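Everything on this sheet refers to the single structure shown next.
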Number of protein chains: 2
Amino acid sequence: MKFLKIPAATITRLSLYTRALEVLIRDQVTVVSSKTLAELCGVNPAQIRKDLAYFGQFGVRGVGYYVKELIFDIKKILGLNKEWSLAIVGVGNLGCALVAHENFSKQGYRFVAAFDADPIKIGRKLVTGLVIHAPDKMSEVCREKGVEIGVICAPAQFAQDIANRLVEVPVRGILNFAPTQIQAPEGFKVENVDFSVKLDNLAYHLTAG
Amino acid sequence: MKFLKIPAATITRLSLYTRALEVLIRDQVTVVSSKTLAELCGVNPAQIRKDLAYFGQFGVRGVGYYVKELIFDIKKILGLNKEWSLAIVGVGNLGCALVAHENFSKQGYRFVAAFDADPIKIGRKLVTGLVIHAPDKMSEVCREKGVEIGVICAPAQFAQDIANRLVEVPVRGILNFAPTQIQAPEGFKVENVDFSVKLDNLAYHLTAG
C-alpha cells in the first residue's frame, strides 16, 4: 500500500475529505456519492477517486461511499485512528489560540504540555488547565507526558533553539508557526505554517482574476 | 502570460521562493543558482524552472538568477508589488496574533481596520493602535479605509454572517481562519486556513514513514 510516492496534495485533500465527511456524519447522512462529496470539498469527483485509489478500493459502484466506513479508512491512512500528544512551546496570543482551537481536539490532537521562557508565565495555568513550564524542563516534561509533536509558537529568533531541544527530547515531529525556516536532522519531519503564503494565494487570484 | 491555468501548488511555491530570496537579499547575495535556491526552498531545481516557466523566462544560463530582479518579478506575478489593506474581524487571541504577525506587514499586508462583537472590546485599541469597531460599522469603516481583504478570526458559528457582511461591503477576498466552510457568491475568492490540516500531514508522515 505504501509503495507509491503519494503526492503531498493528495494527503492534504484526504484531510479535507475527512472534514466534509464529519459534517455528513453530523447531518446523519450514511451514504454519499463521489459527486456530492466532491462538491462539498470543492474538487472534482475524478480527483477524489484518484486520491483514494493510491490506498486501495473504496466505495461501491452505483451506490457511493459509506460515510462512516470512508472516514474510518481515511483516518487510518492519515494516522488519525489514534490520539496524538502535543506540546506547545511559546504561549503568547497564537499559542493560546492554538491550545484552545476546537478543531485540534476534535481531530484527536491533545495538548499535554506547555512551555514558555517568560518568567511571569512559568507556573501559571492555561484555560485548559495545562501548567506552563520553563524551557529547561522540556526533556523531562515531554518524556513524562509522552509528547509526540512539538508545536513552536515562539518568536522567530528562538525557534531554532527550541527545535533543537525538541529534537533532543526526542519528539517525532515539529509543527512550526514561527516565521523562519527551521533546520532539523535528516529524516526528522518539520511542517511549517506560514499564514502569509495563504494571503499571497489570495493576492495572486485577486490580481490575475 | 495568463492564458495557462497555473497550478495552485505553483503559486504557493512562488510565495515560498520569495521568502528564500528575501533571506538572500538580507545576506547581500546578488546572484543565486537554481540549485542553491532549490535547496533553500526544499524543492528540486527543475521544479523552480518549471514554476517560473509559466510566467516567462527568468535567470541567465550558466549564471543563475539575479536575486533582486527575481524577487521583483515574482512579487509582481503574485500581485505583491502593491500594499494590500486588510480588516481583521474577531480580535481574540488568534486575531491579535495575526495583527501583530511580523510576516504580514513584511509582505505588504497592512491591517487598517478591526472589528469585534464583544461590547467590552469595542472602542478599545489594539497594540498596533487600531481601534476596534462594532460589526455594524463594517461597511462604513471598510469603505472609508479601503479594505480589500477581510480576515475572519471569529468562532465558527459567526463566520458565515461575517462573510456575508464582507461580501456586501464589498471587499475583494476573504481569508478565513474560522473552522468552518464559508459560502460566498460565485467568483468571490475565499481562502480557508485550517491549522489541523498541517497536523494531519505531519501525522501521516510520522505514521507512514
- [ ] Sort A:Thr12, A:Thr30 so the one with the fewest other Cβ atoms within 10 Å of its own Cβ comes first.
- [x] A:Thr30, A:Thr12
Task: For chain B: rounded, prolate or oblate by the Cα gyration tensor [a/c cutoff 1.5] - done: prolate
Open item on the list: In Å and on Cα atoms, what radius of gyration and Dmax does the protein assembly as shown show?
Closed with: 21.8, 62
Open item on the list: As a test, work out the antiparallel percent of DSSP beta bridges whose residues both lie in segment A:84-196, rounded to the nearest 5.
Closed with: 5
Task: Cα gyration tensor, segment A:8-78 - rounded (a/c under 1.5), prolate or oblate - done: rounded
Task: Teacher prompt: A:Ile120 distances to equivalent labels in other copies, 7 Å Cα→Cβ, nm - done: 1.8
TODO: Kindly put B:Leu78, A:Leu40 in sequence by how many other C-beta atoms sit within 10 Å of each C-beta, fewest to most.
DONE: A:Leu40, B:Leu78
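Cα gyration tensor of segment B:84-196, axes a ≥ b ≥ c as square roots of the eigenvalues: rounded (a/c below 1.5), prolate (a/b > b/c) or oblate? Each step should come with its number before you reach the end.
Details: a/c = 1.25, a/b = 1.19, b/c = 1.05.
The shape class here is rounded.
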Task: Nonlocal amide H pairs with A:Phe111, under 5 Å, H built at 1.01 Å - done: A:Leu86
Task: Rounded to the nearest 20 debye, dipole of segment A:84-196 from Cβ charges on Lys, Arg, Asp, Glu - done: 360
Task: Residues of type aspartates and glutamates that B:Lys5 reaches as a straight line, Cα spacing below 15 Å, ignoring anything fewer than 8 places off in the same chain - done: B:Asp51
Task: A:Lys50, A:Lys75 arranged by Cβ crowding within 10 Å, fewest neighbours leading - done: A:Lys50, A:Lys75
Task: Assigned charges on the beta-carbon of Lys, Arg, Asp, Glu; chain A dipole about Cα centre (debye) - done: 660
Open item on the list: If the only charges are +1 at each Lys and Arg Cβ and -1 at each Asp and Glu Cβ, what is the size of the charge dipole of the protein assembly as shown around the Cα centre, to the nearest 20 debye?
Closed with: 740
- [ ] Hydropathy first: keep DSSP H helices in chain B averaging at least 0.0 on Kyte-Doolittle, then drop any whose Cα extent along the axis falls short of 15 Å, and list what survives.
- [x] B:8-26, B:67-78, B:195-208
Open item on the list: How far, in whole Å, is the closest Cβ of chain A from the axis that maps A onto B, and which residue does it belong to?
Closed with: A:Asn93, 2
Open item on the list: List the residues, sorted by chain then number, that are 5 or more residues from A:Lys189 or on another chain and whose placed amide H is less than 5 Å from its amide H.
Closed with: A:Ile174
Task: Position A:Glu168, label points 7 Å along Cα→Cβ, spacing to each other copy in nm (shortest first, one decimal) - done: 5.6
- [ ] For segment B:1-159, give the share of DSSP beta bridges that are antiparallel, in percent and rounded to the nearest 5; count only bridges with both residues there.
- [x] 25
Open item on the list: I need the inter-copy label distances for A:Glu83: point set 7 Å along Cα to C-beta, values in nm with one decimal, smallest first.
Closed with: 4.7
Open item on the list: At 222 nm, what value in deg cm²/dmol follows for the protein assembly as shown if DSSP H runs of at least 4 each add -39500 (n - 2.57) and the sum is divided by all its residues, to the nearest 500?
Closed with: -14000 deg cm²/dmol
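Values in this text are rule-based calculations from the coordinates and carry no lab data. Just so it is clear, the structure is predicted and the values come from calculations on it, not from any experiment. Using ideal geometry, Cβ is built from the backbone for each residue, glycine included, and neighbour counts are taken over all protein chains shown.
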